Every structure is written in structure tokens, then in C-alpha cells.
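> Take a look at the following structure, please.
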Amino acid sequence: MNVKEEYLRVYARIDLDALRKNMEHMKENLSTKTRILGVIKTDGYGHGAIPIAKELEPLEYVYGFATATAEEAFILRDKGINKPILILGYTFPYSYERLIREEVRICVFREDTLAQLSKAVSDLSMNGIIKKAKVHIKVDTGMNRIGVSADLKGLAFVEKAFETDGVEVEGIFTHFARADEIDKKAVEGQLKAFWDFLALIKERTGREIPVKHCSNSAGIVEMPEANMDVVRAGITLYGLWPSDQVRKDIVPLTPVLSLYSHIVYIKEIGEGAQVSYGGTYIAKHKMRVATIPVGYGDGYARGLSNKGWVLVHGKRAPVIGRVCMDQFMIDVTKIPEAAQGDKVTLIGRDGEEMITMEELGELSGRFNYEFACGLGKRVPRVYTKGGQILWTKDETTDF
Ligand SMILES: *Cc1c(COP(=O)(O)O)cnc(C)c1O
């Protein structure tokens, strides 16, 4: 695949076929009535929320999308995404009228939110816009982050939400804190607390909330008993693993993102020469050093200084010295064929060798989620399907 010269410095290839495969494999592991909510917060875990949403929206079993903020939701609506969008966290009241107008589902768990939403609905109606605020109630079953408690106090909130003018309770959900561990005791406790709470609501109000959901990626892979109306797929969409404790033989995953650069300079240095800021690497013998024009300004973590690896001609080359904002150095002494202009794989496969987001996440003291989210705006994204470039996106183009 040839990219334009502007992308030789660095680019991330986003393989939409891999994305589609990951979705299909997850779907195969779900009950037929369970639909998937694609979690595309932080610009789709750094992969690009819009192209990911455009690729997934036509799939019948995709319920919709989840974001973390109102702005992420507005961008999706602006770009023509019509399926339900749920904001997973608290949203501040300035956004309510627009969220309601654009039918973005709001996560509720605070009493004041219900009254504020009701007011926003009534203000809109005075301007001739007749819409309800669709909400999903967040229930805390053990994460202790956000959500009402799964008890009589929580029930009172649910009843209040049912009674609030202008508010439509479309969904209810909880979030697992430890679904990605081998020991499933904690997550089973959370699941039971959620089931019990749903039963309590049914018993006391006679109502059933239409869209119930609890599973994240780890739950999708390992907890079929937690399938409900919807599951929330985040990291697995992108072909990455929730943790190294999750079984890899149940839902096969293919990494969606690979990251490439090109060698811009090669030189020889002598014994005792120091490489990069702080002189943290000192050559023990004569060696060949290549410079890669990528740095922590692109999200290539400084924590990879003297720790990371890249692939050149299918061979591993170590990062030497500190990673700078825009450049870093590698040792190519054992790769004599390496030359200026050669392709470098920072994440992905080259021949027999592979460097994963998991490996770099671990080596840099981040983890795969954080490494993916950290890949910055300065890295162009190249979207491929069937081996062809479908779209490109970079700092100079609006998508
Ligand atoms: C981020 C998030 C998810 C997705 O988690 P993954 O582990 O990436 O699948 C699901 N639900 C909530 C509430 C989240 O915040």
C-alpha cells in the first residue's frame, strides 16, 4: 500500500475489514436478540470515531454508539450518524437542550438532572420543539464511580424518573469493575445485584425498562449470562484485549490499527557516544543508529525510552536513548540492510514479527487502552477496506 508523501513521517493504518471481523466474531458469541453498542469515546480509542461509526452504523445488530461527552455526541450527529447515541458519563446542564433536540441519550443518576432535563424539555416546547429527554439510568453495583445504588434508594430515583414530565426512561445500565479477571466472583456479584434491582423495579412499579445493558468487552467475551438487550463493546471493536487474563480463544480478534514511519537518517557512532537527551544510552561499541521522525508529541510514549522496539525489514530494533517530542533513535547495527527511507513498523506486523499495542502499552507503563487513546492528532489516519484506501484524515483535513 502506498501512501502520499505527506504521510511518510508517520501514519496509522485503520483496517476496516478487521473492525468488521471483530464485530462479527463478537456477534457470534452473543444471544440473537442482543445488540451491540459501539463505544467510540476518545475519538474511537484513537482510531477515529466518525469513520468507525460510519462503517458500523449500517449493521442491523448495531444498536448505536456510546461517547463520554456531549461534544463527542454532537460531532457524530453533525457527521450524519442517526442511530442512538448514549453518553456514558455525567453531562453538564448547558448541553441538555441540544442533546434533547438531537435525541442523544443522557445518562442519569443525580436528582437535580431530572428536574433540569424536565425544564429543558419544557423550554424547547415553548419554542415549538416537541421532544422528550431520553435517558438511561446508571446503576452502581460495585464500581463506585457514578450511578444510583441498587437498593430502595435507587428505586426511589427510578420512580422519580418515571414520574418526571418530559423524561422518557429508555434504558438502564451498570458497569463491571472486574470482568476482565480470571476470578469472576466480583463480576458475578455485580451481575446478580443488577438482576435483583431490575426485578425490584418490575415488582414495585410494574414497569420494565426497554433497554437493559451491563457487559463491556470482557463481559462480551467471557460472560454470556450477562447478555441483555445490549452490550457495550469498546476495546474489542479495535481488536485489542481488555486484559491479559481474558481468554483469547473464544472471540478471535484482529488488531485494527497499525502504525508506520520511515527512517530519515542513519549514521555510525563510536564507542562511548551518548544518544539523545540526558545521555541515558552510551554506545558500548561502534554501532549504526537510525533516526525515526516520531515522538511523544505523536503519542509515542516517552516511557519507551531505552525500552521500546520497532520492526525494520521484519526484524526487531530497540529504541535507544530518550524518546524526544518528535524523534527517537533505534539501533540497527544488526540490520545492515536498513537504509534511509526504509519503512519502520511501530505497531503491527512485518514478516514474522509483530509489535502490539499491548506490548507498547506495557513497556511504557501505560496500557493498551491508554496507548491507543494517546495517539495524537498529528498522526494521519489512513482507512483501508479490501486493501484499498477508502479515506484519509489528518490535521489539515476536517473529516
Ligand atoms: C468505556 C466504557 C465501556 C467500554 O469498555 P471496554 O472495556 O473498552 O469494552 C463500556 N461501558 C462504560 C460505562 C464505559 O465507560
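> So which residues in segment 150-193 are within 13 Å of the ligand (Cβ to nearest atom) and among the aromatic types (Phe, Trp, Tyr)?
173, 176
This table checks each residue for (1) farther than 30 Å from residue 102 by Cβ; (2) assigned to a loop (DSSP other than H, G, I, E, B); (3) aromatic (Phe, Trp, Tyr).
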{"position": "139", "(1), (2), (3)": "no, no, no"}
{"position": "142", "(1), (2), (3)": "yes, yes, no"}
{"position": "153", "(1), (2), (3)": "yes, no, no"}
{"position": "160", "(1), (2), (3)": "no, no, no"}
{"position": "178", "(1), (2), (3)": "yes, yes, no"}
{"position": "186", "(1), (2), (3)": "yes, no, no"}
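> Collect the residues in segment 202-215 that are in contact (Cβ under 8 Å) with a residue 40 or more places away in the chain and surrounded by 23 or more Cβ atoms within 10 Å (Cβ to Cβ), keeping them in residue-number order.
213, 214
> Follow-up question, since we're still on this one. Would you mind telling me which numbered condition in (1) touching a residue at least 60 places away in the same chain (Cβ under 8 Å); (2) part of a strand (DSSP E or B) residue 294 fails?
Every listed condition holds for residue 294 apart from (2).
This table checks each residue for (1) more than 12 Å from the ligand (Cβ to nearest atom); (2) of a type in the set (A, V, I, L, M); (3) more than 14 Å from the chain's Cα centre (by Cα).
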site: 217; (1), (2), (3): no, no, no
site: 230; (1), (2), (3): no, yes, yes
site: 240; (1), (2), (3): no, yes, no
site: 247; (1), (2), (3): yes, no, yes
site: 252; (1), (2), (3): yes, no, yes
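> Now for a different question. Of the residues that make up segment 336-359, is at least one touching a residue at least 40 places away in the same chain (Cβ under 8 Å) and within 16 Å of residue 285 (Cα to Cα)?
yes
> Here's another thing I want to ask about it. Within segment 8-34, can you find the residues that are among the charged types (D, E, K, R), more than 17 Å from residue 347 (Cβ to Cβ) and out of contact with any helix residue (DSSP H, G or I) (no Cβ under 9 Å at 6 or more places or on another chain)?
Quick first cut of segment 8-34, residues among the charged types (D, E, K, R) only: 9, 13, 15, 17, 20-21, 24, 27-28, 33.
Retained after the next criterion (residues that are more than 17 Å from residue 347 (Cβ to Cβ)): 17, 20-21, 24, 27-28, 33.
Those that are among the charged types (D, E, K, R), more than 17 Å from residue 347 (Cβ to Cβ) and out of contact with any helix residue (DSSP H, G or I) (no Cβ under 9 Å at 6 or more places or on another chain): 17, 21, 24, 27, 28, 33.
> Within segment 54-71, is even one residue surrounded by fewer than 20 Cβ atoms within 10 Å (Cβ to Cβ), touching a residue at least 24 places away in the same chain (Cβ under 8 Å), hydroxyl-bearing (Ser, Thr, Tyr) and assigned by TED's automatic domain parsing to the domain that holds residue 122?
Yes.
> Continuing with the same structure: If you scan segment 134-193, which residues turn out to be within 20 Å of residue 205 (Cβ to Cβ), free of Cβ contacts under 8 Å to residues at least 40 places away in the same chain and β-branched (Val, Ile, Thr)?
Correct list: 135, 148.
> Restricting to segment 30-53, name every residue that is surrounded by fewer than 17 Cβ atoms within 10 Å (Cβ to Cβ), in contact (Cβ under 8 Å) with a residue 24 or more places away in the chain and not basic (Lys, Arg).
Matches in segment 30-53: 31 only.
> Now a separate question. So, in segment 189-247, how many residues would count as being part of a loop (DSSP other than H, G, I, E, B) and aliphatic (A, V, I, L, M)?
Residues that pass the stated criteria total 5.
> With respect to residue 119, is the statement that it is surrounded by fewer than 21 Cβ atoms within 10 Å (Cβ to Cβ), assigned to a helix (DSSP H, G or I) and within 16 Å of the ligand (Cβ to nearest atom) true?
Criteria not met by residue 119.
> For segment 28-44, which residues satisfy the criterion of being within 16 Å of the ligand (Cβ to nearest atom) and assigned to a helix (DSSP H, G or I)?
If the condition is that a residue be within 16 Å of the ligand (Cβ to nearest atom) and assigned to a helix (DSSP H, G or I), then 41, 42, 43, 44 are the ones that fit.
The values are calculated or read from the model by the stated rules, or taken from the named source; none is laboratory data. No experiment lies behind these values; they were computed from the predicted model shown. We place every Cβ from the backbone using ideal geometry, glycine too, and count neighbours over all the protein chains shown.
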